[in-house]
2 protein chains.
Amino acid sequence: MDHNLQDTISLLSRTPASLDALLRGLPDVWTARNEGDGTWSAFDIVGHLIHGERTDWMPRAKRILESGETRPFEKFDRWAQARESEGKSLTQLLDEFARVRSENLIALRALNLQPKDLERRGRHPALGVVTLSQLLATWAAHDLTHLHQLSRVMAHQYRGAVGPWTEYLGVMKCAGHSS
Amino acid sequence: MDHNLQDTISLLSRTPASLDALLRGLPDVWTARNEGDGTWSAFDIVGHLIHGERTDWMPRAKRILESGETRPFEKFDRWAQARESEGKSLTQLLDEFARVRSENLIALRALNLQPKDLERRGRHPALGVVTLSQLLATWAAHDLTHLHQLSRVMAHQYRGAVGPWTEYLGVMKCAGHSS
């Protein structure tokens, strides 16, 4: 499948404002609750997205451009946000996500990547050889997988409140494959 | 589970702006494509949400308050948007969704519903007896089920582009239970 970098940037640039419009000022019943032990709340998800901006996407893109397949990416800590978000409010996290995403998109555009750059290869510590194109497409798809998770976590809080309608609401049947 | 009407209104009032921030001006690759024959695109989903505002939630709430269990709700046409969205742009649909949702929330607040009102019962043509509380909670959860669907439909467009990362992206494993 062809991957158009402008399409990816279009999505990446919109996610922070979309989450902000949904979550800012929303009552805790929606934003602080999770799906049970070891699962994430909306607050945790935004923290995870911030951690990705800091340690995953752009650092990995630079690793590919600088070292190719010779140096694998650093592993990504899926629980780092528990530490990093401590003591912060959701409002602070939403501001921070918007800021770091914006900074990263400025840095991405500054690379002025050409089609041949997108074919450059790096090494994922578990998945093996991947391309820069795949990494950048995954950055956008990763936003979507957490939007998918977020809608499920929030819907879970109304599992009882909707009564018999739960049968018609697909999100209530989602098995949690996007945690 | 207790249902707090203010929590429901808090979510309902934010969905249009969140979808607007995500979808307005986004390239067609994200907004016009679906998951295959008989499935919905982002454009179709926004059209469906508009149709719900017009024919489902508030008309059913009024039916409960006026007729209780004696007159079942009208059936909801899940494909009406194909007709009603014809010739419109996504921008127009986003504007329309924001407007009809806002009008409905003004009408909902004007009902000045008290806890005892929320326990009033109506009749769903397939599900049988339901309460006003369940109907209004479902209105909010219905937004979330379509946010869940939307993220899945959009992620589907990058199924090939992400390469081996598809394995780590839960949204790519979602079986389409929220169409």
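What's the angle, to the nearest 10 degrees (0 to 90), between helix B:5-23's Cα axis and the longest principal axis of chain B?
Roughly 30 degrees, rounded to the nearest 10.
Before I look further, what does the stretch A:1-145 give for accessible area per residue, probe 1.4 Å, in whole square angstrom? Intermediate results must be reported in sequence, preceding the final value.
Numbers: 6540 Å² over 145 residues.
Spelled out: the 1.4 Å probe surface of the stretch A:1-145, per residue, equals 45 Å².
Give me the mean projected area, in nm² to one decimal, of the convex hull enclosing the Cα positions of chain A. Please report the intermediate quantities before stating the final value.
Values: hull surface 45.5 nm².
Over every viewing direction, the Cα hull of chain A projects on average to 11.4 nm².
Using only the alpha-carbon atoms, how far is helix A:132-156 inclined from the longest principal axis of chain A? Give it as 0 to 90 degrees, nearest 10.
Result, in degrees: 0.
Dipole of the stretch A:65-157, Cα-centred, from +1 at each Lys and Arg C-beta and -1 at each Asp and Glu C-beta, to the nearest 20 debye? If you can, show how the numbers build up before the last one.
Details: 13 positive and 12 negative charges, 40 e Å.
Charge dipole, the stretch A:65-157, about its Cα centre: 200 debye, nearest 20.
Using unit Cβ charges (K, R positive; D, E negative) and no other charged atoms, how large, in debye to the nearest 20, is the dipole of chain B about its Cα centre? Numbers along the way, then the final one.
On the way: 22 positive and 22 negative charges, 59 e Å.
With only Lys, Arg, Asp and Glu charged at Cβ, the dipole is about 280 debye.
Longest exposed-loop-site-free stretch of chain A, with GluC sites (Glu not before Pro), DSSP loop and at most 12 other Cβ within 10 Å?
Working: sites that count: A:Glu74, A:Glu86, A:Glu119.
By the stated rule (loop sites, at most 12 other Cβ atoms within 10 Å), A:1-73.
Translational diffusion coefficient, Stokes-Einstein: compute it for the protein assembly as shown using the Kirkwood radius over C-alpha pairs as Rh, at 20 °C and 1.002 mPa s, and state it as an integer in µm² s⁻¹.
Values: Rh = 21.3 Å.
Translational diffusion coefficient: 101 µm²/s.
Pick from B:Gly128, B:Gly163, B:Gly52: which is most flexible by mean-square fluctuation in a GNM of chain B where alpha carbon atoms under 10 Å apart are linked?
Of the options given, B:Gly163 has the highest mean-square fluctuation.
Per DSSP H run of n ≥ 4, the term is -39500 (n - 2.57); total these for chain A, divide by its residue number, and report the mean residue ellipticity at 222 nm rounded to 500 deg cm²/dmol. Intermediate results must be reported in sequence, preceding the final value.
Numbers: 8 runs with 103 residues, N = 179.
Result for chain A, helices only: -18000 deg cm²/dmol.
Which whole-number percent is the relative contact order of chain B (Cα, under 8 Å, 6+ apart)?
Details: 185 pairs, mean separation 55.2, N = 179.
Computed over chain B, the figure is 31 percent.
Using a 1.4 Å probe on the protein chains only, how many percent of the accessible area of the stretch A:126-175 belongs to carbon and sulfur? Present the calculation step by step, with values, prior to reporting the outcome.
Numbers: 610 of 1130 Å².
Answer for the stretch A:126-175 is 54 percent, counting heavy atoms of protein chains only.
Going through the stretch A:1-50, which trypsin sites (Lys or Arg not before Pro) have at most 16 other Cβ atoms within 10 Å and a DSSP loop state?
Values: sites: A:Arg14, A:Arg24, A:Arg33; in loops: A:Arg24, A:Arg33.
Listed in order of number, the matching sites are A:Arg24, A:Arg33.
Which residue fluctuates the most in chain A, going by a Gaussian network model with Cα springs under 10 Å, if the choices are A:Gly160, A:Gly122, A:Gly25?
Largest GNM mean-square fluctuation: A:Gly160.
Can you tell me which of B:Ala161, B:Ala98, B:Ala21 moves the most in a GNM of chain B? Springs connect C-alpha atoms under 10 Å apart.
B:Ala161
Show which lysines lie in cross-link reach of B:Lys173 when reach means a straight Cα distance below 20 angstrom and same-chain residues fewer than eight apart are skipped.
A:Lys173
Nearest 10 degrees is fine. How inclined is helix B:90-110 to the longest principal axis of chain B, computing both from alpha carbons?
Tilt relative to chain B: about 20 degrees.
Can you give the translational diffusion coefficient of the stretch A:1-59 in µm²/s, computed by Stokes-Einstein from the Kirkwood radius over Cα pairs at 10 °C and 1.306 mPa s?
Numbers: Rh = 13.4 Å.
After rounding, the answer is 118 µm²/s.
How big is the Rg/Rh ratio for the stretch A:95-161, C-alpha atoms only, Rh by Kirkwood, two decimals? Let's see the in-between values first.
Details: Rg = 16.6 Å, Rh = 14.6 Å.
Rounded to two decimals, Rg/Rh equals 1.14.
If each of B:Asn112 and A:Ser10 carries a label point 7 Å out from its Cα toward its Cβ, how far apart are those two points in nm?
4.8 nm
If you bin the C-alpha pair distances of the stretch A:53-102 every 5 Å from 0, what whole percents do you get?
Calculated P(r), rounded to whole percents: 4, 17, 21, 21, 15, 11, 7, 3, 0.
Would you list, by chain and number, the lysines whose Cα falls below 21 Å from the Cα of A:Lys116, excluding same-chain residues fewer than 8 positions away?
By straight Cα distance, A:Lys116 reaches A:Lys62.
Roughly how much accessible area, to the nearest 100 Å², goes out of reach of solvent when A and B pair up, both sides summed, probe 1.4 Å? Don't jump to the answer; show the numbers that get you there.
Numbers: alone 9990 and 9990 Å², together 15050 Å².
Adding both sides of the contact gives about 4900 Å².
The values are calculated or read from the model by the stated rules, or taken from the named source; none is laboratory data. All values derive from a computational prediction rather than experimental measurement. Glycine also receives a Cβ, built like all others from the backbone with ideal geometry; neighbour counts cover every protein chain displayed. Note: accessible area is taken over every heavy atom of the protein model, side chains too, but ligands, DNA and RNA are not part of it. Shrake-Rupley method; radii C 1.70, N 1.55, O 1.52, S 1.80 Å.
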